[in-house]
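A short worksheet on the structure shown next.
All of the numbers you see were taken from the coordinates with simple rules; none came from a lab. Everything quoted here is computed from the prediction, not taken from an experiment. Cβ coordinates were reconstructed from backbone atoms using ideal geometry, including for glycine residues, and neighbour counts include every protein chain displayed.
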Amino acid sequence: MNAPSTPDAAHQLLRHLAGSARGPRKQGVFALWLVVRVATDIADSLSSERNHRRRVQALEQRLTSLALPMPLRRALQSTLEDLRLGTTDAAARSLVELTVTARETLGPDIGDCVHGAAREVKARVAATVRKN
């Protein structure tokens, strides 16, 4: 299968992760990548409600072990609350809200990746609505 011409936000975050030095910045990018993966899976409706709860719980446990800048840690806690709802609207909204903090703490490129993920989630929701 050929790679898409414009990589999705998760792949862009992985590229930034590979280029980051060890420390809070790298762990912050990793945390955002984990969150983006869960949010896009919500949009794709890939898991049952039970599996979704387990996945968000596992995400929360993983995030607590990371050394993150405090503003990003607070923003991720808010994002987790939205992701627990399990709705695509909440997933998209949480990523949009996370964009500002990502830009301020990790840089504009990372913030743009998170914003791109929010657009992807919204696009997937719109595509699903059009099919139905």
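Charge dipole (Cα centre; +1 on Lys/Arg Cβ, -1 on Asp/Glu Cβ; no other charges) of segment 26-132 amounts to roughly 280 debye. Look at (1) 16.2; (2) 14.8; (3) 18.0: the one that is Kirkwood radius over Cα pairs in Å derived from this structure is (2).
Assuming R0 = 41 Å, what is the FRET efficiency of R15 and R50, from their Cβ-Cβ distance, to the nearest 0.05? E between R15 and R50, to the nearest 0.05, is 0.80.
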